[in-house]
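Reading through the structure tokens given below for one structure.
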């Protein structure tokens, strides 16, 4: 594939560098990455939740690793169930990815310090990544809540439990009816913490590493530089985000009382402590391999798609 290098593309059109156009491009790239890697996210969520105290497995064999989880889902529920919950996942990225990408670029271009060599202080990138990641996830948290609950529906039915929801729209309505607006933000804080850390690993790492490769190593701003930078950012994201991801998934999946209060965990700190006490510290890294294998390809797919469609549309380099 021939990739046009930055600096030699035609001048951007009048709308190409506008915030709304970049928002649309980031949503397109995120949707592509989500569709490609979603089965890994489903496997990761199943692995993270299984084994927690207070849930009945009805004698079902626990999943063993990424491949075993995928095979088990196909055998027990059908291949299409690997994409169960994909609709709210896409809805989430229409809010989350668009918001975080546009906000980060605005903050970076207007508030960060630019050195003569084109690089920027890493601490500014860290603060910016954490801030925009938390804000974007707070706005998208209801869609993430629906996604997690829909991902577990197939497993619940195999355990002999009645289905909670049949579609994303029904899930939104039922959650709202049970807990109001507050119920839609159940598990919001661990979700915000997780996304702040993931954004630190993904967006901040990609931005800083890519600029280092281009400005210090002299690598061209092309496909292979994007691939190398996104691979590193996916690894850092998985290491930083997996414990918070486990806590988020468990809080969002737990049953609630009539006042939308969790029956297993009071808050994210309580979930963290109970998980470590009941299952050991490494339970916080349950599903790490699928988490990493998902974040790596997701980051790779997203950044390559995003950079290429920006290039094709005449938008300036990220």
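The values are calculated or read from the model by the stated rules, or taken from the named source; none is laboratory data. All values derive from a computational prediction rather than experimental measurement. Cβ coordinates were reconstructed from backbone atoms using ideal geometry, including for glycine residues, and neighbour counts include every protein chain displayed.
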Residue hits (segment 74-85; in contact (Cβ under 8 Å) with a residue 60 or more places away in the chain and surrounded by fewer than 23 Cβ atoms within 10 Å (Cβ to Cβ)) are 76, 77, 81, 84
For residue 77, indicate whether it is closer than 27 Å to residue 214 by Cβ and either touching a helix residue (DSSP H, G or I) at 6+ places or on another chain (Cβ under 7 Å) or modelled with pLDDT of 80 or more (or both). no
So is residue 207 under 27 Å from residue 32 (Cβ atoms), part of a helix (DSSP H, G or I) and in contact with a helix residue (DSSP H, G or I) (Cβ under 9 Å, 6 or more places away or on another chain) or not? yes
Matching entry among 59, 7, 51 (being on the phi > 0 side of the Ramachandran plot and at pLDDT 55 or above): 51
Would you list the helices (runs of 4 or more DSSP H) that sit entirely within segment 83-193 and hold 1 or more residues that are over 14 Å from the mean Cα position of the chain (by Cα) and modelled with pLDDT of 85 or more? 86-111, 122-151, 168-184
Answer yes or no as to whether residue 201 is at pLDDT 80 or above, at positive phi and either part of a helix (DSSP H, G or I) or buried (at least 22 other Cβ atoms within 10 Å of the Cβ) (or both). no
